[in-house]
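Structure, as structure tokens:
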């Protein structure tokens, strides 16, 4: 048996959207269960996101420290952001986020991992890229506001981040998945075997 997630959709007999926000909304579906009963499921509808594990030539990862109000913590994270336009090319979005949040660019891109961070309560899909051959971006820095105005930027050795993840000191999903995926890739077939940056993404189909 091949261990692989597969598409499936159970019958929805009623649906409603009790809340619509600026970027996301909440949907309520009445779903037919395998035994014929109907269960109500509330979940967040999300446009999807991209994240970038940007690695420099000293094996350091570009990370940001940002306040996250729902968990009341400042978290160390990797650059990330929403897919603002339906059908947006995720690589283009990742390149934009790397520029806006870190004023950096990368010459090498691969897909590191695709994840559903909280599939029990949200339909968000995230594509995490590995970016190499880093350089400073040209021009002025992108103007930031709100929580992003307080962000800190650092380059941290990969090994230190791995230690922090396993010690329970680092919690951001994209950072944790990205860091451990890179270590696993290096221990397996190598970074060269990772999917190309334009690999298909069924969770969020996009135009080339």
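Quote the Stokes-Einstein diffusion coefficient, in whole µm² s⁻¹, for the chain, based on the Kirkwood radius over alpha carbon pairs, a temperature of 20 °C and a viscosity of 1.002 mPa s.
The Stokes-Einstein estimate is 115 µm²/s.
When a footprinting reagent is the concern and you count Cβ atoms within 10 Å, what order do 49, 181 take, fewest first? It would help to have the intermediate numbers written out before the result.
On the way: 49 23, 181 18.
Ascending Cβ contact count within 10 Å gives the list 181, 49.
Looking only at the chain, where both bridge partners belong to it, what percent of the DSSP beta bridges are antiparallel (to the nearest 5)?
Roughly 85 percent of the DSSP beta bridges within the chain come out antiparallel.
Using a Gaussian network for the chain with springs between C-alpha atoms less than 10 Å apart, which of these wobbles most: 72, 110, 96?
72
Starting from the Cα of residue 96, step 7 Å along the direction of its Cβ; do the same at residue 24; then give the gap between the two resulting points in nm.
1.9 nm
With a/c under 1.5 counting as rounded, go ahead and sort the range 112-208 into rounded, prolate or oblate using the C-alpha gyration tensor (a ≥ b ≥ c being the square roots of the eigenvalues; past the cut-off, prolate if a/b is larger than b/c, else oblate).
Because its axes are fairly even, with a/c under 1.5, the range 112-208 counts as rounded.
Please report 20, 118, 173, 6 as a ranked list, fewest other C-beta atoms within 10 angstrom at the top and most at the bottom. Write out the running numbers ahead of the final one.
Details: 20 10, 118 13, 173 18, 6 5.
Starting with the residue having the fewest Cβ neighbours, the order is 6, 20, 118, 173.
7 Å from Cα along Cα→Cβ at both residue 140 and residue 186: what's the point-to-point distance in nm?
Rounded to a tenth, the inter-label distance reads 3.9 nm.
Residues of the range 20-40 with the amide nitrogen closer than 19 Å to a label point 7 Å from the Cα of residue 10, along Cα-to-Cβ, please.
What the label zone holds, given the 19 Å backbone N cut-off, is 27-40.
So if R0 is 22 Å, what FRET efficiency would residue 108 and residue 171 give, r being the distance between their Cβ atoms, rounded to the nearest 0.05?
0.20
Would you mind ranking 160, 138 by Cβ crowding within 10 Å, fewest neighbours first?
In order of increasing Cβ crowding within 10 Å: 138, 160.
Report the extension gain between residue 82 and residue 31 in nm, rounded to one decimal, defined as 0.36 nm multiplied by the number of residues separating them, less their alpha carbon distance.
Working: separation 51, 0.36 × 51 = 18.36 nm, distance 2.80 nm.
So the chain would gain 15.6 nm between residue 82 and residue 31.
Just to compare against my own numbers: the Cα pair-distance distribution for the range 76-116, 10 Å bins, whole % per bin, please.
25, 60, 15
Under a 10 Å cutoff between Cα atoms, tell me which one of 22, 172, 89 has the largest fluctuation in the Gaussian network model of the chain.
Highest fluctuation among the options: 22.
Pick from 197, 39, 102 the residue whose mean-square fluctuation is largest in a GNM of the chain, springs joining Cα atoms under 10 Å.
39
Let me make sure I get this right: for the range 49-162, a, b and c are the square roots of the gyration tensor eigenvalues over alpha carbons, sorted descending. Under 1.5 in a/c it's rounded, otherwise prolate if a/b > b/c, else oblate. Which is it?
Since a/c stays below 1.5, the shape of the range 49-162 is classed as rounded.
Here, each number is a calculation from the coordinates, and none is a lab measurement. All values reported here derive from a predicted model rather than from experimental measurement. Methodologically, a virtual Cβ is constructed for each residue, glycine included, from the backbone with ideal geometry; neighbour enumeration extends over all protein chains shown.
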